[in-house]
Amino acid sequence: MFGDMMGMMGKLKETQQKVEETKKRMDTVLVDEKSTDDLLNVTVTASRTIKSVHINDSLLEDKEQLEDYLILVINKALEKAESIYENEIAAVAKDGMPNIPGMDMFK
């Protein structure tokens, strides 16, 4: 019984390390999003840090339109980044979870 417990603890520690490595890797995964008319392009990391914003000069003439574009495009990019981040972390966590009856949390 103690051997199983030690094995599970080792597996959990290994999984925790893999999760941390995955979180660091998410800093290098880039998500690009653009407006439908390609006037605004945003790049964020999967860990949800804005890396770049490219604005077409025509948007600089209309502050309100630019603000709307920024909100829409950045939110779309962040949603995609969050989805990637959560899926990657869940995959690592699921792979590393010991098989404990009744603890099927990651189906």
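Things worth noting here:
- Residues (under 27 Å from Glu20 (Cβ atoms), assigned to a loop (DSSP other than H, G, I, E, B) and either more than 12 Å from the chain's Cα centre (by Cα) or not β-branched (Val, Ile, Thr) (or both)) located in the stretch 34-86: Ala46, Ser47, Arg48
- On inspection, Glu20 does not qualify as free of Cβ contacts under 8 Å to residues at least 60 places away in the same chain, over 27 Å from Glu88 (Cβ atoms) and out of contact with any Pro (no Cβ under 9 Å at 6 or more places or on another chain).
- Residues satisfying the criterion are present in the stretch 14-31 (criterion: assigned to a strand (DSSP E or B) and either of a type in the set (D, E, K, R) or within 13 Å of the chain's Cα centre (by Cα) (or both)).
- Selection from the stretch 54-76 of residues that are surrounded by fewer than 14 Cβ atoms within 10 Å (Cβ to Cβ) and under 30 Å from Glu88 (Cβ atoms): His54, Ile71, Asn75
- Number of the exception - Asp4 against (1) among the charged types (D, E, K, R); (2) part of a helix (DSSP H, G or I); (3) in contact (Cβ under 8 Å) with a residue 12 or more places away in the chain: (3)
- Selection count where residues are without any contact (Cβ under 8 Å) to a residue 40 or more places away in the chain and in contact with a Leu (Cβ under 8 Å, 6 or more places away or on another chain), scope the stretch 46-93: 13
Any read-out appearing in this document is the output of simple, stated calculations on the displayed coordinates, not a laboratory observation. All of these numbers come straight from a predicted model, not from anything done at the bench. Positions of Cβ are backbone-derived with ideal geometry, glycine not excepted, and every protein chain shown enters the neighbour counts.
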